[in-house]
Amino acid sequence: MNKNILLLLVSTLLLYSCRKDLETANWEVEALSPLVTTNMGINNLVEDSIINTNSDSSLSLVYKNHLYDFTLSDLVDPFNKSIGNTLTVDSLNLGTTNVSKSISLGELSKQAGLQGALIIASNGSSIAVGPVNGIPALNFDIDANNFFQTLTLQEGYMDVTFDNGYPVDITNLVYSFTNKSNSSLILRDTVPLIPAGTSTTRINQLSSGTIIEGNLVVTIDQIESPGTGSTKVLIDTTDLLDIDISIRDLLLQEATAIFPDQDFFDETNDVPLENDFELTSMRVRSGKLKISGLSTIEDTVRFHYEIPSATLNGGPPFAIDRIVAPAPSGGSISDSWEFDFSGWDFDLTGKDGTQHNTFYDRMSASIDSTGSLVTLSSDDSIQLTIEMVDIIGEKGVGYLGQDTIVVTNEDLEVDIFNGITNGLIDFEDVIVTFEANNRIGADMGLQIDKITSINSVYSNNVNLTWAGLGNPIPVNRASESGNPPIISPTIKNEVINASNSNVDVLLENTPNKLNYDLTVFTNPNGNVTNYGDFIYFDDGLDVSLNIEIPLSLIATNLTLSDTSSFNFSNVDKNQQVTGGILKLRGDNGFPFDATVELVLLDADSTVLDTLATSDILASAPLNGDLRVIEPQRSTLYYVINSNNIGSLRNTRSLVFLVSFTTGNTQHVKIYSDYALDLKLIGDFNYRVKK
């Protein structure tokens, strides 16, 4: 047999006999797999936004946060006020109605019998006149329809003046007024004596409910004369007894009349503003003036409203005239108007110019007569309402008052140390500045009463010790100049540092919040400018806390963290890893030794495992100026066994906990180019099935 063929047969038999063993055998092989790379710099300690690079490339933390502020918008609520007047018809004036009637001596003598005939016969002669009596009643019509048709009074007066032009005295004159339509009596009166050549006036008060019509009847119910005795007098039958009737001062229940043009209301009033300040002037930022009128008067009502102390851009004072049309019979009519008061300037010294928080206005109302008869009752009225709606000041001038504002137990959240998870830190210097920015034209005072540094993680509190605690810091008023005015604020900085306080210890506590008390004083010296303070709507006092920390420090286990995404399936797709080593290669650009722990987190950020090593990332070498020459490379080793594999397979995030220690008592500066580059490599054992 050919030797080659024999060799082939033997080889085939041997391979066949070993096939079952090959199918069940396992081999473990090693493989290197890069897993995660990351770079850690000072931004892992604090946010980039608060890192300041100094001229020598060293770094400082510069942090500013708000402590307290107030503006005009915080101190003053919108101003609302309603000014109203309801003017009823009983305040309207019908004027005075005057009507006259004359009776000649000849006319009266015709009713006086024989003595009267003698008087008529003696016209132009001088005779002694005997007694006259028994004259029958004399009736005279009076037409007042040009003034009114009917009046129903609450009260009023009818004055009757008798002017005796006769040459004889008149006695026992009885007169009465009645309405012609129904003879209803208005009044009756007796005049005992009217000497010859004299006059007398009878004032008659009319009772409530008295009705007076336009058609009246005056009746001389009785008139007598004692004569002249033996004294002769010249007889002139044209001599007159004049009767003048004046209806006045009527307070109406109801009237059908022609009401004349008239002002029935005119009033000037001071209007106070409710304000904690004592302002002498104010510019309005926004707000409205609303005017409404509701009338049941059947005549045209004209009203005028003005605020003499309010102007816009230096123009004339605010003034408006509006008309409310006649109301329908038995009904009412209304109207309203609205005006934007934005930008208006108010003088708030009142009508006499000596007050504060007070403007004055003038309201007047009048009737424009229609010239026709209209019916009004005491229930008819014109209601005028002036509303100041949501008036907000843009600027106030005056005295802003002397006040003390106490702020206690306030918390200021501090996030500059959020990147530090553990360890101790010793800063070479810390500078804290309390900055008060005053944009108010009033002197202020700021007093820091307490500051406590609170580290909630370690339940550690540190109180600030500083000689300035509890002592007011004066903050001068702002000033303004130009047109439009430009405000020049006053900025007061009160600086504390490690030489005059324990502020370095306060911040080395790496607080997550500061608890503080402070007090703000307004005008601590009183009204020193004689009402010259000013304040604008958007301006006020702002108090902030500024922290500057030069990054020159001593660190002991100062722990920073960085989180990277991680998915072990990329290197263990078939779950064949049985163990191995994680190698962490670090290029340390910091002048600190460092240890690194690896924390394994699942998709819910739950800790699955923590991998530690005693290996150290060596610090970078320094030159004579204590500045890093170049990064130092080190490798850290983490042993992976079968117990860790399950955690790795469920890991979705990997946290690098880097703990730095300076290793000496000399403060070391941090520069902008310092960084730590980390690269995690897996050196795994794989089980290979075949």
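Given a Förster radius of 41 Å and the C-beta distance between Arg362 and Leu412 as r, what FRET efficiency does 1/(1 + (r/R0)^6) yield to the nearest 0.05?
Numbers: r = 53 Å, r/R0 = 1.29.
So the FRET efficiency works out to roughly 0.20.
How much accessible surface does Arg477 have with a 1.4 Å probe, in Å² rounded to 10?
50 Å²
Say the dipole of segment 97-257 comes from +1 at the beta carbon of Lys and Arg and -1 at that of Asp and Glu; which of Thr161, Gly106, Ile211 then lies farthest toward its positive end?
Toward the positive end, the furthest listed residue is Gly106.
Tell me, what is the FRET efficiency for Thr231 and Asn204 to the nearest 0.05, using R0 = 41 angstrom and their Cβ-Cβ distance as r?
Details: r = 34 Å, r/R0 = 0.82.
Working from the Cβ atoms, E equals 0.75.
How do 603-611, 297-305 rank on mean C-beta neighbours within 10 Å, highest first? Before the final figure, lay out the partial values.
Numbers: 603-611: 12.0, 297-305: 20.7.
Peptide ranking by packing, descending: 297-305, 603-611.
Using just the alpha carbons, could you tell me how many Å³ per residue the convex hull of segment 314-419 encloses?
Working: hull volume 31.9 nm³, N = 106.
Measuring per residue, one finds 301 Å³ for the Cα hull of segment 314-419.
Using +1 at the C-beta of Lys and Arg and -1 at the C-beta of Asp and Glu, which of Ser329, Val655, Gly398 has the Cα lying farthest in the positive direction of the dipole of the chain?
Among Ser329, Val655, Gly398, the one farthest towards the positive end of the dipole of the chain is Val655.
Please compute the length gained on full extension between Ser369 and Ile405, using 0.36 nm multiplied by the number of residues separating them and subtracting their Cα-Cα distance.
Numbers: separation 36, 0.36 × 36 = 12.96 nm, distance 6.01 nm.
Contour length minus the Cα-Cα distance gives 6.9 nm.
Under a plain spin-label model, where a point goes 7 Å from the Cα along Cα-to-Cβ, how far apart in nm are Asn422 and Lys180?
11.9 nm
Mind putting a number on the dipole of segment 407-529 about its Cα centre? Charges go on the C-beta only, +1 for Lys and Arg and -1 for Asp and Glu, and I need it in Debye to the nearest 20. Intermediate results must be reported in sequence, preceding the final value.
Values: 5 positive and 15 negative charges, 90 e Å.
Taking the Cα centre of segment 407-529 as origin, the dipole is about 440 debye.
Round to a whole number: what % of the accessible area of the chain belongs to carbon and sulfur, probe 1.4 Å? Don't jump to the answer; show the numbers that get you there.
On the way: 15420 of 33220 Å².
Whole-percent figure for carbon plus sulfur exposure: 46.
Restricting to DSSP H runs of at least four residues, report the calculated mean residue ellipticity at 222 nm for the chain, -39500 (n - 2.57) per run over all residues, nearest 500 deg cm²/dmol.
Details: 6 runs with 54 residues, N = 690.
Helices in the chain give a 222 nm mean residue ellipticity of -2000 deg cm²/dmol.
If you place +1 on the Cβ of every Lys and Arg, -1 on the Cβ of every Asp and Glu, and leave all else neutral, what size is the dipole of segment 515-634 about its Cα centre, to the nearest 20 Debye?
I would put it at about 640 debye.
In segment 321-362, whose amide N lies under 20 Å from the spot 7 Å out along Cα-to-Cβ of Asp263? List them in ranges.
Only 321-324, 351-352, 360-362 fall inside the zone, counting backbone N under 20 Å.
Would you mind pulling out the separation of the Cα centroids of segment 337-398 and segment 612-628, in Å?
So the separation of the two Cα centres works out to 81 Å.
Take the cross-link list Lys290/Lys351; Lys64/Lys492; Lys351/Lys395; Lys64/Lys669; Lys583/Lys669 and give me the ones stretching past 25 Å between alpha-carbons.
On the way: Lys290/Lys351 22 Å; Lys64/Lys492 15 Å; Lys351/Lys395 21 Å; Lys64/Lys669 22 Å; Lys583/Lys669 30 Å.
Over 25 Å apart, Cα to Cα: Lys583/Lys669.
Quick one: net charge around Thr71, please, counting Lys, Arg +1 and Asp, Glu -1 for every other residue with C-beta under 14 Å from its C-beta.
Details: positive: Arg285, Lys395, Arg439; negative: Asp69, Asp74, Asp77, Glu394, Asp538, Asp539, Asp542.
Neighbour charge sum, excluding Thr71 itself: -4.
May I ask which residue of Ile616, Ile223, Val374 lies farthest towards the positive end of the charge dipole of the chain, with charges of +1 (Lys, Arg) and -1 (Asp, Glu) on Cβ and the Cα centre as origin?
Ile616
Nothing charged except the Cβ atoms of Lys and Arg (+1) and of Asp and Glu (-1): what's the magnitude of the dipole of the chain about its Cα centre? Round to the nearest 20 debye. Don't skip to the answer; put the middle values down first.
Values: 38 positive and 88 negative charges, 607 e Å.
Computed charge dipole of the chain: roughly 2920 debye.
Which one, (1) -0.22, -0.45, -1.20; (2) -0.28, -0.55, -1.21; (3) -0.59, -0.79, -1.12, gives log10 I(q)/I(0) by the Debye sum over Cα atoms at q = 0.05, 0.07, 0.11 Å⁻¹ as derived from the coordinates shown?
Entry (3).
Can you compute the modelled spin-label distance between Asp429 and Glu597, with each label point 7 Å from Cα toward Cβ, in nm?
Between Asp429 and Glu597, the simple spin-label model gives 3.6 nm.
Between segment 631-677 and segment 420-487, what is the separation of their alpha carbon centroids in Å?
Spelled out, the Cα-based centre of one part sits 38 Å from the other.
Taking the chain as the reference, fit the longest principal axis to its C-alpha atoms, fit the long axis of helix 3-24 to the helix C-alpha atoms, and give the angle between the two in degrees, 0 to 90, nearest 10.
Here the helix axis deviates by roughly 40 degrees.
For Phe140, what accessible area in Å² do you get when you roll a 1.4 Å probe over the heavy atoms of the protein chains, rounding to the nearest 10?
20 Å²
Over all directions, the average projected area of the alpha-carbon convex hull for segment 97-257 comes to how many nm²? Provide the component values of the computation, followed by the final result.
Working: hull surface 35.8 nm².
Projected area, direction-averaged: 9.0 nm².
Take Arg248, project a point 7 Å from its Cα along the Cβ direction, then tell me which residues of segment 192-211 have their backbone nitrogen under 16 Å from it.
Under 16 Å, as judged by backbone N against the label point of Arg248, lie 200-206 of segment 192-211.
In Å², what does the accessible area per residue of the chain work out to with a 1.4 Å probe? Don't jump to the answer; show the numbers that get you there.
Details: 33220 Å² over 690 residues.
Value returned for the chain: 48 Å² of accessible area per residue.
Whole angstrom only: what separates the Cα centroid of segment 144-193 from the Cα centroid of segment 237-255?
Cα centroid to Cα centroid, the span is 7 Å.
Run the simple label-point estimate for Asp352 and Glu338 please: 7 Å along Cα→C-beta, distance reported in nm.
Taking the simple label geometry, Asp352 and Glu338 are separated by 3.8 nm.
The values are calculated or read from the model by the stated rules, or taken from the named source; none is laboratory data. These numbers were taken from a predicted model, which means no experiment stands behind them. Every residue, glycine as well, gets a Cβ built from its backbone with ideal geometry; the counts of neighbours run over all protein chains shown. Each accessible area value is taken on the protein alone, full model and side chains, heavy atoms only, with ligands, DNA and RNA left out. Shrake-Rupley method; radii C 1.70, N 1.55, O 1.52, S 1.80 Å.
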